[in-house]
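Enquirer: Attaching a single structure in structure tokens format; questions to follow.
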Amino acid sequence: MDEIKLLRVLENDPRISVRDLADILNETEESVVETKCKLENEKIICGYHTVINWDKTNYDHCMAVIEVGAQPERECGYDNVASEIARYPEVSSLYLMSGKSEFMVVIQGKTMREVADFVGQKLAPIEGVKHTVTCFVLRPYKIEGVIISEEEETAERLIVTP
Amino acid sequence: MSGKKYLNDLIQQIPPSGIRKYFDLANQMEGVVSLGVGEPDFETPWHIRAEAIYAIKSGKTFYTSNVGLPQLRKEICAYYQRRFHIRYAWDKQCMITVGGSEAIDLVMRTILNPGDEVILLQPSYVAYEPLVRLAGGVPKIIELREADKFKLTPEALKEAISDKTKLLFINFPGNPTGGSMSKEDYEKIIPIIKEHDLVVLTDEIYAELSYGYDFCSIASFDEIKEQVIIINGFSKAYSMTGWRVGYLLADEEIIKAMNKIHQYCIMCPSTISQYAAVEAAAHGDDDCRKHKESFEGRKNFIVNGLNRIGLRCHMPEGAFYVFPSIQSTGLTSDEFCEQLLKQEKVAVVPGSAFGACGEGYIRISYAYSIEEIKEALTRMERFIQSLK
């Protein structure tokens with residue numbers, strides 16, 4: 001089975017049923033289930049998430065992107081610092097970067113106060129962290145490939161054409 | 001209608017398109033799920049649209065040369081060389097047209113003398129036969145068969161050739177069947193084409209949408225390349241139907257002659273669209289690949305679904321249509337489509353609209369989202385159950 005094709009379909013629609021997936025890939029349902037399990041076990045598929053625009057809910061939500069400067073350690077480089085940072089549930093994404101700072105950390109919290117406290121009291125004191133630059137997200141426009149905006153008018157196609 | 005008496009005989013003989021009726025009917029209804037459209041559902045990729053906007057902003061809005069922008073012709077020839085390994089000289093063997101449709105008309109009017117026979121393979125795109133007739137040609141129909149996977153066989157070709165045959169018109173992968181021809185399939189008919197010195201018009205508009213095999217152009221056979229005229233365009237592969245940009249690749253003398261007609265009745269295609277097309281030809285290979293990959297999944301999805309609900313359907317190797325048989329229902333194509341539309345509000349096109357031999361089939365376009373296809377399949381299943 002073409003695993004890349006399976007992944008591409010799932011990337012766009014993680015809720016798709018096994019039968020539909022099998023039909024699209026022209027494979028049996030059994031082999032689709034098997035391949036999907038295999039990809040999950042190998043952590044190639046790491047999860048199935050929902051893209052949410054929290055701004056449209058009445059739930060308090062605050063997001064920040066934080067540059068973190070860090071000191072590498074002998075033998076393990078940045079891995080120890082990274083796993084310390086990743087431990088916190090407030091951290092939704094963490095990347096080692098090229099450029100001025102070592103890490104890019106995405107924090108999700110309820111309020112600016114909460115995020116600021118997290119950075120000041122939890123993130124900055126971690127051993128190996130040299131400095132932080134906190135950038136609060138003001139408004140999301142596109143999340144995970146999905147454009148977040150008011151309903152755009154979709155262009156209509158004719159009903160029947162040759 | 002008093003104006004009718006002013007119409008010439010030829011135009012009066014041409015019947016209205018068989019698709020019109022369904023369009024009018026479906027257009028009046030609410031809640032129709034359509035699988036009837038012959039165009040992709042993707043928006044034109046943004047980088048292509050941005051080039052058109054840039055052309056407008058920077059005032060590139062004058063006429064272009066009759067044969068089209070030099071940059072565009074260069075990029076098209078580079079594209080054919082890169083993708084299909086066929087060489088054409090951009091300055092002599094290429095011209096830009098208003099979609100593939102104008103290109104077909106140009107070829108007919110340039111090549112045919114009154115009474116010349118044109119071999120058409122049906123079921124075929126609805127414009128082919130009328131355009132042959134309008135140019136004074138006589139259509140000679142080869143009926144492609146499902147059992148042959150809608151391919152052209154050497155036997156059928158030999159039988160259709162007479163001493164009046166001038167042109168063979170092919171379209172692989174084709175609308176409405178999705179039928180395709182591989183290199184091996186072509187090898188069997190090349191000697192016949194050579195022997196009878198036929199002009200071959202090949203409509204390659206669906207070339208980029210070939211699944212599970214490598215697209216082969218008939219122009220890649222050197223022994224007949226001079227006899228071949230290629231039609232292609234940006235509509236299907238790049239999802240640019242409304243831009244109306246097509247092109248012709250052919251022998252220098254043929255291009256020159258076609259340009260005589262084109263320069264007087266068209267002047268040149270939209271300059272803005274041509275600038276967008278330059279971007280598509282130069283940097284759009286990845287768009288084609290993405291579109292193809294998406295269509296391939298939907299093709300598998302609909303073929304498996306149709307076979308499950310009891311409509312026998314061969315797995316096409318190209319385009320974005322499936323052509324299932326509805327003979328098991330005992331209805332004609334027309335009856336099937338009309339009843340399906342009225343009963344379940346699903347719009348598909350009767351196979352008979354694409355030639356008499358399309359009777360017993362329907363054309364379904366899968367240029368729709370999986371959700372829409374799923375809904376249509378559910379409704380079609382209910383419809384088929386109601387016939388039992």
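Enquirer: Using only Cα atoms, what is the ratio of the radius of gyration of chain B to 2.2 N^0.38 Å? It would help to have the intermediate numbers written out before the result.
Expert: Values: Rg = 20.8 Å, N = 388, 2.2 N^0.38 = 21.2 Å.
With N residues counted in chain B, Rg over 2.2 N^0.38 Å equals 0.98.
Enquirer: Leaving ligands, DNA and RNA out of it, work out the accessible area of residue A:110 with a 1.4 Å probe and give it in Å² to the nearest 10.
Expert: 100 Å²
Enquirer: Enter the buried accessible area of the B/A pair, total of both sides, probe 1.4 Å, in Å² rounded to the nearest 100. Could you put the intermediate results ahead of the total?
Expert: On the way: alone 17250 and 12430 Å², together 27640 Å².
Roughly 2000 Å².
Enquirer: Using a simple charge model, +1 on the beta-carbon of Lys and Arg, -1 on the beta-carbon of Asp and Glu, nothing else, what dipole does segment B:1-110 show about its Cα centre, in debye to the nearest 20?
Expert: Values: 14 positive and 11 negative charges, 96 e Å.
Using only the charged Cβ atoms, the result is roughly 460 debye.
Enquirer: With only Lys, Arg, Asp and Glu charged, each at its Cβ (+1 for the first two, -1 for the last two), find how big the charge dipole of chain A is about the Cα centre; round to the nearest 20 debye. Numbers along the way, then the final one.
Expert: Numbers: 18 positive and 30 negative charges, 115 e Å.
Using Cβ point charges on Lys, Arg, Asp and Glu, chain A gives about 560 debye.
Enquirer: Check which residues have an amide H placed less than 5 Å from residue B:318's amide H, if you skip close sequence neighbours.
Expert: For residue B:318, the qualifying residues are B:211.
Enquirer: State the percentage of accessible surface on segment B:153-209 attributable to carbon and sulfur atoms; use a 1.4 Å probe and exclude ligands, DNA and RNA.
Expert: Working: 970 of 2070 Å².
The value for segment B:153-209 is 47 percent carbon and sulfur by accessible area.
Enquirer: Using 0.36 nm per residue of separation minus the Cα-Cα distance, give me the extension gain between residue A:53 and residue A:31 in nm, one decimal. Please list the in-between numbers first.
Expert: Numbers: separation 22, 0.36 × 22 = 7.92 nm, distance 3.52 nm.
Gain on stretching residue A:53 to residue A:31: 4.4 nm.
Enquirer: Follow-up question, since we're still on this one. Enumerate the whole-percent occupancy of each 20 Å bin, from 0 to the last occupied one, for all C-alpha pair distances of the protein assembly as shown.
Expert: Result returned by the calculation: 18, 44, 27, 10, 1.
Enquirer: Right, something else. Report, in debye and to the nearest 20, how large the dipole of segment B:108-228 comes out about its Cα centre when Lys and Arg carry +1 and Asp and Glu carry -1 on their Cβ. Spell out each step's value before the answer.
Expert: Values: 13 positive and 21 negative charges, 67 e Å.
Dipole of segment B:108-228, to the nearest 20 debye: 320 debye.
Enquirer: While we're on this one: Find the all-direction average of the projected area of the Cα convex hull for segment A:41-118, expressing the result in square nanometres with one decimal place.
Expert: Numbers: hull surface 28.9 nm².
Orientation-averaged projected area of the Cα hull: 7.2 nm².
Enquirer: From the cross-link list B:21/B:374; B:60/B:256; B:188/B:292; A:36/B:151; B:292/B:342; A:43/B:149, which pairs have alpha carbons spaced over 31 Å apart? Can you show the working numbers first?
Expert: Details: B:21/B:374 25 Å; B:60/B:256 26 Å; B:188/B:292 28 Å; A:36/B:151 37 Å; B:292/B:342 33 Å; A:43/B:149 42 Å.
Distance filter (> 31 Å) returns A:36/B:151; B:292/B:342; A:43/B:149.
Enquirer: Can you work out the accessible area per residue across segment B:1-133, with the rest of the protein chains kept in place, probe 1.4 Å, in square angstrom?
Expert: Numbers: 7000 Å² over 133 residues.
About 53 Å² of surface per residue is accessible.
Enquirer: Something else about it: Of the DSSP beta bridges with both residues in chain B, give the percent that are antiparallel, rounding to the nearest 5.
Expert: On the way: 14 of 34 bridges.
Here the antiparallel bridges make up roughly 40 percent for chain B.
Enquirer: Now for a different question. Accessible area of residue A:143, 1.4 Å probe, to the nearest 10 Å²?
Expert: 40 Å²
Enquirer: Please report, in whole Å³, the volume per residue of the convex hull around the C-alpha atoms of segment B:211-270. It would help to have the intermediate numbers written out before the result.
Expert: Numbers: hull volume 5.2 nm³, N = 60.
Given the Cα convex hull of segment B:211-270, per-residue volume reads 87 Å³.
Enquirer: Then there is this: Using helices alone, I'd like the mean residue ellipticity at 222 nm for chain B: each DSSP H run of four-plus residues gives -39500 (n - 2.57), total over residue count, nearest 500. Intermediate values should be presented prior to the final figure.
Expert: Working: 14 runs with 159 residues, N = 388.
My calculation for chain B gives -12500 deg cm²/dmol from helical runs alone.
Enquirer: Here's another thing I want to ask about it. Taking the alpha-carbon set of segment B:241-388, what are its Rg and Dmax in Å?
Expert: Answer for segment B:241-388, Rg first and Dmax second: 20.0, 59 Å.
Enquirer: A follow-up question, please. Kirkwood-based Rg over Rh for segment B:152-291 (C-alpha set), two decimals? Present the calculation step by step, with values, prior to reporting the outcome.
Expert: Values: Rg = 16.3 Å, Rh = 16.5 Å.
So for segment B:152-291, dividing Rg by the Kirkwood Rh gives 0.99.
Enquirer: Sticking with this structure for a sec: Which whole-number percent gives the relative contact order of chain B, counting Cα pairs below 8 Å spaced six or more residues apart?
Expert: Numbers: 730 pairs, mean separation 93.5, N = 388.
Contact order relative to length: 24 percent.
Enquirer: Ok, one more. Putting +1 on Lys and Arg Cβ atoms and -1 on Asp and Glu Cβ atoms, find which of A:95, A:134, A:62 reaches farthest to the positive end of the dipole of segment A:36-162.
Expert: Sorting the options by dipole projection puts first A:95.
Enquirer: So which lysines can residue A:38 reach, going by Cα to Cα under 25 Å and dropping same-chain residues fewer than 8 places off?
Expert: Within the straight-line limit of under 25 Å, residue A:38 reaches these lysines: A:5.
Enquirer: Sticking with this structure for a sec: In bins 5 Å wide, starting from 0, what share of all Cα pairs of segment A:2-88 does each bin hold, as a percent?
Expert: The calculated distribution, bin by bin, is 3, 10, 16, 13, 10, 11, 14, 13, 8, 3, 0.
Enquirer: Just the C-alpha atoms of chain A: what Rg/Rh do they give, with Rh taken as the Kirkwood radius? Write out the running numbers ahead of the final one.
Expert: Working: Rg = 20.9 Å, Rh = 19.3 Å.
We get a ratio of 1.08 for chain A.
Enquirer: Considering every pair of different Cα atoms, what Kirkwood radius, in Å, is found for segment B:1-148? Show your work: numbers first, answer last.
Expert: Values: mean 1/r = 0.0505 Å⁻¹.
So the Kirkwood estimate lands at 19.8 Å.
Enquirer: Next up: Just going by the charge dipole of the protein assembly as shown, with Lys and Arg at +1 and Asp and Glu at -1 on Cβ, which of B:136, B:227, B:211 is farthest out on the positive end?
Expert: Ranked along the dipole, the leading option is B:136.
Enquirer: For an R0 of 45 angstrom, estimate the FRET efficiency from the Cβ-Cβ distance between residue A:100 and residue B:74 and round to the nearest 0.05. Spell out each step's value before the answer.
Expert: Numbers: r = 43 Å, r/R0 = 0.95.
According to the calculation, E is roughly 0.55.
Enquirer: Moving on. As a test, work out the antiparallel percent of DSSP beta bridges whose residues both lie in the protein assembly as shown, rounded to the nearest 5. Mind showing how you got there, number by number?
Expert: Numbers: 36 of 57 bridges.
Of the beta bridges lying entirely in the protein assembly as shown, close to 65 percent run antiparallel.
Enquirer: What distance in nm lies between label points placed 7 Å from Cα along the C-beta direction at residue A:92 and residue A:73?
Expert: For residue A:92 paired with residue A:73, the spin-label model returns 2.9 nm.
Enquirer: Follow-up. For chain B, modelled as a GNM with alpha-carbon contacts under 10 angstrom, which of B:32, B:132, B:303 fluctuates the most?
Expert: In this elastic network of chain B, the residue with the biggest mean-square fluctuation among B:32, B:132, B:303 is B:32.
The values are calculated or read from the model by the stated rules, or taken from the named source; none is laboratory data. Here the structure is a predicted model, which means the values were calculated and not measured. Note that we place each Cβ from the backbone using ideal geometry, even for glycine, and neighbour counts take in every protein chain shown. Ligands, DNA and RNA are stripped out before the accessible areas are found, and what is left, the full protein with its side chains, is counted by its heavy atoms. Shrake-Rupley method; radii C 1.70, N 1.55, O 1.52, S 1.80 Å.
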